[in-house]
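Heads up: the structure comes next, in structure tokens.
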Amino acid sequence: MRNFDFSPLYRSAIGFDRLVNLLESGQSQGNGGYPPYNVELVSENQYRIAIAVAGFAESELEITAHDNLLTVKGAHASDQSECNYLYQGIAERDFERKFQLAEHIQIKGAQLANGLLFIDLERVVPDTLKPRRIEIK
């Protein structure tokens, strides 16, 4: 794996030091890419995350948001009996998937349909941060 030097970005980008730190740390999740997910741009300020959670009931899924970090956990109930598989190709393991959200992203809702967990997000920028025209006098 190559190491990149992000120090030139520190000189030209003001206020993006958190972003550069995330790039430097690699932010690897260590879960082998399970479960797979999509991030969709629905409109200019709306996003949707779709996570493949086939085999999980709604009661076995937990979604939490704290300090711009969205965490989705899936844990199977412990009362399931052990099976004697001849071949097991369906992963039935618990998972935890984390998403770093940008500033002003709000979670609008979540729904489970056909083995996919959909999480709807929206960017809500306060009026004080929107561009405004300055009159020249």
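Computed from the coordinates by the stated procedures, all read-outs in this text should not be read as laboratory data. What you see is a predicted model, and the numbers here were worked out from it, not measured in a lab. Cβ atoms come from the backbone with ideal geometry, glycine included; neighbour counts cover every protein chain shown.
Couple of notes before you dig in:
- Annotation note: Cβ proximity below 6 Å between a residue of the range 98-117 that is in a loop (DSSP other than H, G, I, E, B) and a residue that is surrounded by fewer than 14 Cβ atoms within 10 Å (Cβ to Cβ) (sequence gap 6+ or interchain) occurs for L101/N68; H104/V124; H104/V125; G115/A54.
- None of Y47, Y37, Y87 is closer than 14 Å to G115 by Cβ and among the hydroxyl-bearing types (S, T, Y) except Y37.
- Restricting attention to the range 55-90, the residues being surrounded by 12 or more Cβ atoms within 10 Å (Cβ to Cβ) and more than 13 Å from the chain's Cα centre (by Cα) number 7.
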